[in-house]
Amino acid sequence: MKVMKFGGTSVGRPDRMQQVADLVTNQQEPVLVVLSALSGTTNALVEIGEQLSKGNKVEAATLIDKLEQHYQSFVKELLQAENSRKEAAGILEEHFGFLRIILKISFSESISKDILAQGELLSTKLFCVFLSEKKIDHVFLPALDFMSIDANDEPELTKISTRLTEWIKKNDTKKLLVTQGYICRNHRGEVDNLKRGGSDYTASLVAAAIRASVCEIWTDIDGMHNNDPRVVEKTFPIEQLSFDEAAELAYFGAKILHPASIWPAQQYQVPVRLLNTMDPVAKGTLITAQPSAAGVKAVAAKDNIIAIRIKSSRMLLAYGFLRKIFEVFEKYRTPIDMITTSEVAVSVTIDSDLQLPYIIQELEPFGTIEVDKNQTIVSLVGHEIATTPSILSKLAESVNEIPIRMVSYGGSPHNITLLVPATHKTALLRQLNTGIFGLS
Ligand code: ADP
Ligand code: ASP
Ligand code: MG
């Protein structure tokens, strides 16, 4: 069985949803389809939640009406038969009805997760109505019945695998299964999610859970590019990447993949393919355990980074200092991305300011604390790049006049990471495109 995941733009228009149906039905082996919400829906749901959290019910109601209108026209164009349109009307009534009930009750964090789940629930249900209209045999597999996370928000891969394998055994005549990306249940049994862009993560988890032959991520671009195509004009797709390289790129900001979406496939050696729904014959990117050729493969950028410097003369010749610092971050469950040290100071970066005031308060007894917000991590990723001749001189030339706040080199042979103020990100990505890849 293979997994085919389609992102928001791939299902965001009726003609594209039809194209997805063509793609998933033309396969040699059974397919488990993972769908995202229609493009723009999750953003709209986030906004509805935000309005409700501020008590702005009228604004929230207006947004719900607007979103429903979008779905009404979508359904009208997607479906032709009277009975399918009726079925779709029932689905819209159920989910928009649910959103309107929320307008009447008091808002909470767990309700906001229910709101966010509506996008994937709608897209998969409407897709199944479309498949039925086209008489394409399929079965609907609700993600909330098998996808779960534990108290630390970590996916429960073993449990997911047991539930899915049993379910597939019971339905072994079915060749087309449809499920939702992104949504799951948490340890309290409530509806939750795998964070923004989480459908890629679902696909990889599901592929690992069923030991799929391949995990295909279908999106709106022909694979992982050498640089961020939203920022840099001339970029090109990379044909092959190792799991390690892809994981670093995803973690360090290549938006095409959710940051955590590689490890499940990597753990069970399921190849991952990044493919373009709008150009299905394009080669895309193949990600496997095979180490690729040495050299820089790509550059990625991760925004909204906070740098914290702890300066203390007590660090001089002292041991145990770093442990005490790290314990503060552990206590506040805040992961550190980058770290650099000198004899009297240490700088670390974090990507969330949720616990920042508490972290600063607890760090203060250790020395002087300086915080720089609005930083961007720029990572160069590729097999053995740290030892590639002339990489440092090329990097230095590309950096040119850009102020660098931190550099991490040698932590992994496959990664060199820089931290720059966000205002310099675009210039740095462009200069690296010229300096490293020879593209202007
Ligand atoms: P989907 O809705 O299919 O999940 P996303 O918008 O999450 O799609 O991811 C695809 C987008 O990622 C592309 O349209 C592209 O703009 C962006 N992107 C950022 N960095 C890269 C990169 N290095 N290679 C390819 N795409 C990238
Ligand atoms: N719909 C969710 C989002 O927009 C999940 C996804 O698309 O991967 O973040
Ligand atoms: Mg995505």
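The values are calculated or read from the model by the stated rules, or taken from the named source; none is laboratory data. Predicted, not measured: the structure shown is a model, and the values here were computed from it. Here the Cβ is made from the backbone with ideal geometry for all residues, glycine too, and neighbour counts use every protein chain on show. In case anyone asks, the SASA skips ligands and DNA or RNA and just uses the protein heavy atoms, side chains included. Shrake-Rupley method; radii C 1.70, N 1.55, O 1.52, S 1.80 Å.
Observations, loosely collected:
- Value in Å of the Kirkwood radius, where the chain supplies the Cα pairs that are averaged: 23.5
- Simple spin-label estimate for A396 and V46 in nanometres, 7 Å along Cα-Cβ: 4.0
- Using θ = phi - 60° in the Karplus curve 6.51 cos²θ - 1.76 cosθ + 1.60, the 3J(HN,Hα) couplings for the stretch 239-250 round to 5, 9, 9, 7, 3, 4, 5, 5, 5, 5, 5, 5 Hz; x is entered for Gly and Pro.
- With R₀ fixed at 45 Å, the C-beta to C-beta distance from D15 to E370 puts the FRET efficiency at about 0.30.
- Each 5 Å bin from 0 upward holds the following percent of the Cα-Cα pairs of the stretch 140-276: 2, 10, 19, 23, 19, 13, 9, 4, 2, 0.
- Normalised by 2.2 N^0.38 Å, with N the number of residues, the alpha-carbon radius of gyration of the stretch 54-192 equals 1.18.
- Potential extension, Q69-A81 segment - 0.36 nm per residue separation minus Cα distance: 2.3 nm
- Probing with 1.4 Å while keeping every protein chain in the model, the per residue accessible area of the stretch 94-240 equals 43 Å².
- Packing-based ranking, highest mean first, of 364-377, 246-259 given that Cβ atoms within 10 Å are counted: 246-259, 364-377
- Accessible-area composition of the stretch 272-350, carbon plus sulfur, in percent [1.4 Å probe]: 55
- Rg and Dmax over the alpha-carbon atoms of the stretch 164-228 stand at 14.4, 45 Å.
- Its Cα gyration tensor gives the stretch 1-57 an equivalent ellipsoid, and the semi-axes of that ellipsoid, as √(5λ) in whole Å with the largest first, are 33, 12, 6.
- Lysine pairs with alpha-carbon atoms under 23 Å apart, the stretch 22-152, spacing 8 or more or separate chains: 22
- Computed over protein heavy atoms with a 1.4 Å probe, the carbon and sulfur contribution to the accessible area of the stretch 112-186 reaches 50%.
- For the stretch 290-440, the number of Lys pairs separated by eight or more positions or lying on different chains, with C-alpha atoms closer than 22 Å, is 11.
- For W167 and Q361, the difference between the fully extended length at 0.36 nm per residue and the C-alpha to C-alpha distance is 64.9 nm.
- Residues of the stretch 312-363: accessible area per residue with a 1.4 Å probe, Å²: 61
- Efficiency of FRET between D150 and I339 - r from beta-carbon atoms, R0 30 angstrom, step 0.05: 0.65
- Whole-number accessible area per residue in Å² for the stretch 367-440, which is evaluated in the context of all protein chains at 1.4 Å: 46
- Debye intensity ratio I(q)/I(0), log10, the stretch 299-410, q values 0.17 Å⁻¹ (C-alpha model): -0.90
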